[in-house]
Each structure stands twice: as structure tokens, then as C-alpha cells.
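The next block holds one structure in the form of C-alpha cells; read it before the comments.
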Amino acid sequence: MSGQGTRRRPEDLRSHRWFGVEGLRTFGHQSRIKQMGYARDDYMGKPLVAVVNTWSDINPCHYHFKQRVEEVKRGIWQAGGFPVELPAMSLAENFVKPTTMLYRNFLAMEVEELLRSHPVDAAVLMGGCDKTTPALLMGAISMDLPAIFLPAGPMLRGNWAGEVLGSGSDAWKYWDELRAGTISEADWHDIEDGIARSFGHCMTMGTAATMTAVAEAMGMTLSGASSIPAADSNHPRMATAVGRRIVEMAWEDLRPSHILTAASFDNAIRCLMALGGSTNAIIHVIAMARRAGVDLDLDRFDTIARQVPVVANLRPAGEYLMEDFYYAGGLRALLAEIADGLDLDCRTVSGATLGGDIDGARTFKPEVIRATDDPIYGEGSLAVLRGNLAPDGCVMKPAAAEARLHRHAGPALVFDDYATLKANIDRDDLEVTPDTVLVLRNAGPQGAPGMPEWGMLPIPKKLLRAGVRDMLRVSDSRMSGTSYGACVLHVAPEAAIGGPLALVRTGDVIRVDVAARSLDMEVAADELARRRQAWRAPPPPYGRGYGAMFARHIQQANDGCDFDFLLAGDATPEPAIF
Ligand code: FES
């Protein structure tokens, strides 16, 4: 029934150290709580639950959190807890530059230290926009207090001219049509009006929907929470249920360390593959696992990818959107479809097991959630490639690429940075053919810095006009989970630290073979050695501040891009209260 099997007493609560002992400091804590209008009965002897809220006026994905946090608090009060809202960095994917990935670890640190420094017994983590989910969970895993993740929920379907629009995916698609001249500027602005018509996170199977589903499969949300559209009245009901449940978890002392195991991360990876989810999830799941002390690496993803078919028929790999997925039965139904491969004994925040949580789940629309013997993609939704261009690995999403590019060789066209690419990609005199392999480097964790989502390199305009819609592209950056195409990503080590990607030159032949899981450049070893001798590291982008610290401590993509000093290790001491 509990984390350790024993129900806690009020004097066992962490907050008791702030409120329950006599002394001058306690007087300060009591009087200042009372300053906010609370009476002793409101908080004494009750679990203090932090509601970590990533709302902001510039995060449309979390725009409903101002209201939702009240619904979480309602549940906490109902169950006899004391709610305290703690605002945290919002990380709006579209607005934060150069990339939210630069700040994922910043938010993770903020969450961990918010929880550590305050009189917190348990936490509700409110997030959903791409990096907020892994960041909130990484911080909570490291602090290891009872915690539930409350997903923001996807926004409603987009609409334009009778077409259903999906976040990101249709923006990329119609941007190419605009550049090819097949839609007008007026059409483009109408698409702008219709593609994001409610609060909530992106409603394709992008990084947000992938990561909230991963959080659920890991056991860190209440069952079914990740699929509920943000604007559906089931969402506030779920928020209140989370509030009630977290109070019980505080008494049970059910912590992330009691839930997260190698088996629960395997469940998360199986879920990721069955969804045809975002490549970004690979980085985030490795980071979360290593915070939890689970030694996860890229090869585990490739192994599981070969075993699990894609059964979610969701864009960008499939046809439908998250609203359809919810009506089809949601993640509970998908997990029930792939239950044979899951470890159903893994614990979840419900206090029960994953098997118990999905018991009775049904699929209502088999065209959206397919059976495992009728998948939209047989196996290998994501593939891990290695070779002389990526000795530490890179990833690709074959399910979202034209099949002819799964095995391809062509001459490289190399761009040293994104600014150069942007300035030249649409030139009419660009020497490029459909067989060319576009290469972008210095776009990794250190190089860009922060590893932005530049990996879906734009197709050159002259080829778009000729009808080309996919090409082989290779980079050390990431791509949005809503993106698609034959994009080889996360090449490690990255070019900025001297990875082999730094040595490739325009005209070198690059060869990819997804079935063989290989990525190589056809350049003789002695020539590569000569190029390495001549290579010079680019100057560091930041000389001071957070950026300088980031560059000193960021790990490579295959290691999860966490800071080296934040990995699991010796417990951090509790703060002294004098
Ligand atoms: Fe927030 Fe896509 S922009 S989830």
C-alpha cells in the first residue's frame, strides 16, 4: 500500500521540520503562513503539496494552467493536504531562443531545488510543452519526493479549408507548398488562423504528446491522463483527481525511486515505439533513466524498436491527431494492445500496477489504434545507426521517411552552420540533385549551442519546384517530433567537439543503410587523419553565465544531454534549519 509499506504520521512529514518543532525559526514559519491568511488548522499536521506550475503569459500550451492549478488545489484540500503553488520556468517551445533544449536542465535544476529548499512533502508537476515534461520529471526524480505529473493535454484539431491541420507537421508541409508556389500568401495566413485553435500542447505525435505518454507508461501519471484534450471537461476532473491522489502518496511516501526501474523505462520505450513517437524522446528518456540510476543507452532503443510495431495511426507517421486518439481509447487502449511485451507488474503513482491501471481498457476506433498484427509500420519506428560518421551513434525515424531513402548513397553538400544554410539553400545556382545528402554541422549540444531542432533541413527550393519532397539529411542537431523526412539526427560525437561530422566535405559520398543500421562517409582513413590534423575547434559561443556553464558540463546526445554533475550519485543533504 505504500512506498516502504508503512503509512507516515504527521511528525514523519518533511514539512514537520519547518512547522512542528518549537523555536524561533518555527515562529517565523508559522507567523508568515498566517500572514497569508491561513489558520493553524489549514496546514498543521497536513502534507504540504507543491504544485509546480509552468504557466506563463507566453506559453499557449499551458495557457489553461492558471485555471487548472486551482482544480489541482481543490483536490488537495479535499483530501486533507495543504497546497502551495510554486511557479517554474515555462519553456514555451515556440518562443524561447535559441532553443528550449538549452534550458531543459535549467528547469530540472530549478524544480529539484524548489522542492529541496521549501517545506515540501510531495509535488504535482504541471507541464506538457516539449521540454517541460522531462525537465519536471528529472528534477523530481533527483529530489525523490512523492510526485505526480499532470500533463497539459493536447489542443483540439486544427482546421483550414475543409482540411484537418496538425501542429508542426502541416506547418512544414504547407511552408514547402508556399515555397513551391502551390498555395498563396492568403492561404498561408488562413492556415495560421486555423492550426492552433485551443490551449493545450501540440496535437500531433510530436515531442509533447510523446513525452506525456512516456511519463504515463513509466508510471508517473494517473492512468489515462496523457490523452485527455486540454479543452475537454475530463481534464479539470483529472486535475482534481491528481490533487486528491498526491495527498495519499505523501502519507504512503510513494516516491519516484519506488516506481522507476529498468522495467518501467523499458515499458516507456515500448510505448514510444508503438506510438511512432519523437526522436527527441530518446535523449530525454536516457536523461531521466540515468537520474533514476538506470544505465540506459541507445542500443536498448534499437533492440526494442525491432520488437514493437507502430500501432498508433497518428501524424507525422500516420493520419490522425491526438483528439482522435483520445476518442479511440487513448493511451490506456494502446498499452492494452501492446500489453504482451510490457512488464505489467511495474508500480505507478496510482499505488497499483501498470497492469491494474490498464485493466479493462478498450479500443473504440481500430483505424486510429491498430492491432499489433495490423500495424501502420511493422518494426523499427526509430533506428539507431553507427559508422565512421557517427561512432557514438545517431538516430533516424524511418517510419516518417520515404522508403527509397532507407538505403541511399549520394554526394554530401555541407553547411558549416545554420545561418549559412539559410542564406544559401534556396539559391537557384545551388549545386544539388535529389540524390544529394544535405549535411548540417555545428548544431549539436555545444555547437549551436543547445542542439536546436534544425535537423529537418529545408529541401532546396529548386528541387521543391521539381516535385521533390524528401532527401537524405544528416546533422548533429535534433528535429521537432512533428517533423518528418529522411533526417539522420543526433550525430555523436558532434562536430563542435571534433566528431567525424566535422571532417566531411562537400562531394564526399555518404551512405546510409537503415536495415544494416549504418551511416558512413566513403573517405580513406589517411585522408581523414589529414583532415583531423587541420581541424580547429570553433570558439565557445558564451564567455560567461549559464551558457558558459552549459558548455562546460553538457553531455552528448547519446548520453541524454544532462549536465555531468546532475547524474545519480550521492544523496544531496537536506537543508539545515537553524
Ligand atoms: Fe508547446 Fe508544441 S509548442 S508542445
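The values are calculated or read from the model by the stated rules, or taken from the named source; none is laboratory data. What you see is a predicted model; the values in this text were computed from it and never measured. Neighbour counts are summed over all protein chains in view; Cβ atoms, including those assigned to glycine, are modelled from backbone coordinates with ideal geometry.
What number of residues within segment 531-551 are surrounded by 12 or more Cβ atoms within 10 Å (Cβ to Cβ) and of a type in the set (Lys, Arg)?
The number of residues fulfilling the criteria is 2.
Is at least one residue of segment 168-185 over 24 Å from PRO460 (Cβ atoms), within 15 Å of the ligand (Cβ to nearest atom) and not in a strand (DSSP E or B)?
Scanning segment 168-185 turns up no residue that is over 24 Å from PRO460 (Cβ atoms), within 15 Å of the ligand (Cβ to nearest atom) and not in a strand (DSSP E or B).
List pairs: first in segment 196-216 and touching a residue at least 60 places away in the same chain (Cβ under 8 Å) and closer than 27 Å to THR261 by Cβ, second assigned to a helix (DSSP H, G or I) and within 8 Å of the ligand (Cβ to nearest atom), Cβ under 9 Å, 6+ apart or cross-chain?
Once the first residue is touching a residue at least 60 places away in the same chain (Cβ under 8 Å) and closer than 27 Å to THR261 by Cβ and sits in segment 196-216, its partners that are assigned to a helix (DSSP H, G or I) and within 8 Å of the ligand (Cβ to nearest atom) give ALA208/CYS61.
Against the condition outside any loop (DSSP other than H, G, I, E, B), under 22 Å from the mean Cα position of the chain (by Cα) and farther than 18 Å from LEU472 by Cβ, how does ASP357 come out, does it pass? I'd like the intermediate steps shown before the answer.
Numbers: outside any loop (DSSP other than H, G, I, E, B): yes; under 22 Å from the mean Cα position of the chain (by Cα): no; farther than 18 Å from LEU472 by Cβ: yes.
So ASP357 fails the test.
Could you grab the pairs with beta carbons closer than 9 Å, sequence gap of 6+ or different chains, first residue in segment 49-75 and among the acidic types (Asp, Glu), second one within 13 Å of the ligand (Cβ to nearest atom)?
Short answer, once both residue conditions are applied: ASP57/TYR63; ASP57/SER90.
For PHE415, all conditions in the list (1) in contact with a Ser or Thr (Cβ under 6 Å, 6 or more places away or on another chain); (2) under 27 Å from LEU528 (Cα atoms) hold save one; what is the number of the exception?
Checking PHE415 against (1) in contact with a Ser or Thr (Cβ under 6 Å, 6 or more places away or on another chain); (2) under 27 Å from LEU528 (Cα atoms), the one that fails is (1).
Looking only at segment 448-502, how many residues end up being β-branched (Val, Ile, Thr) and either within 16 Å of the ligand (Cβ to nearest atom) or free of Cβ contacts under 8 Å to residues at least 60 places away in the same chain (or both)? Show your work before the answer.
First, pick out the residues of segment 448-502 that are β-branched (Val, Ile, Thr): 459, 468, 474, 482, 488, 491, 497.
Next cut, either within 16 Å of the ligand (Cβ to nearest atom) or free of Cβ contacts under 8 Å to residues at least 60 places away in the same chain (or both) only: 468, 482, 497.
Counting residues in segment 448-502 that are β-branched (Val, Ile, Thr) and either within 16 Å of the ligand (Cβ to nearest atom) or free of Cβ contacts under 8 Å to residues at least 60 places away in the same chain (or both) gives 3.
Being within 16 Å of the ligand (Cβ to nearest atom), assigned to a helix (DSSP H, G or I), hydrophobic (A, V, I, L, M, F, W, C) and crowded, with 24+ Cβ neighbours inside 10 Å is the requirement here; does ALA209 meet it?
Taking the combined requirement at face value, the residue satisfies it.
Which of the residues belonging to segment 397-415 are modelled with pLDDT under 95 and closer than 27 Å to GLY560 by Cα?
LYS397, PRO398, ALA399, ALA400, ALA401
Checking the structure you have, find out if any residue of segment 188-200 is under 30 Å from GLU248 (Cβ atoms), modelled with pLDDT of 95 or more and either more than 10 Å from the ligand (Cβ to nearest atom) or crowded, with 19+ Cβ neighbours inside 10 Å (or both).
Within segment 188-200, the subset under 30 Å from GLU248 (Cβ atoms) is 199-200.
Checking the rest, the ones that are also modelled with pLDDT of 95 or more come to 199-200.
With either more than 10 Å from the ligand (Cβ to nearest atom) or crowded, with 19+ Cβ neighbours inside 10 Å (or both) added as a condition, the list becomes 199-200.
Within segment 188-200 (the criterion being under 30 Å from GLU248 (Cβ atoms), modelled with pLDDT of 95 or more and either more than 10 Å from the ligand (Cβ to nearest atom) or crowded, with 19+ Cβ neighbours inside 10 Å (or both)), the answer is yes, since at least one residue qualifies.
Could you identify the single residue in ASP374, ASP340 that is outside any helix (DSSP H, G or I) and of a type outside the set (Phe, Trp, Tyr)?
Going through ASP374, ASP340 in turn, the sole match is ASP374.
Check whether at least one residue in segment 21-39 is of a type in the set (A, V, I, L, M, F, W, C) and touching a residue at least 40 places away in the same chain (Cβ under 8 Å), and report yes or no.
Scanning segment 21-39 turns up no residue that is of a type in the set (A, V, I, L, M, F, W, C) and touching a residue at least 40 places away in the same chain (Cβ under 8 Å).
Considering only segment 137-155, state which residues are over 17 Å from GLY293 (Cα atoms) and either within 14 Å of the ligand (Cβ to nearest atom) or part of a helix (DSSP H, G or I) (or both).
PRO151, ALA152, GLY153, PRO154, MET155
Tell me, please, whether a residue that is over 30 Å from LEU91 (Cβ atoms) and touching a strand residue (DSSP E or B) at 6+ places or on another chain (Cβ under 9 Å) can be found in segment 454-465.
Within segment 454-465 (the criterion being over 30 Å from LEU91 (Cβ atoms) and touching a strand residue (DSSP E or B) at 6+ places or on another chain (Cβ under 9 Å)), the answer is yes, since at least one residue qualifies.
Being closer than 27 Å to GLY485 by Cβ and either away from the ligand (no atom under 15 Å from the Cβ) or modelled with pLDDT under 95 (or both): is that true of GLY158 here?
no
Please note which helices (runs of 4 or more DSSP H) are completely contained in segment 16-125 and include at least 2 residues that are away from the ligand (no atom under 16 Å from the Cβ), among the β-branched types (Val, Ile, Thr) and buried (at least 21 other Cβ atoms within 10 Å of the Cβ).
The helices (runs of 4 or more DSSP H) meeting that bar are 65-78.
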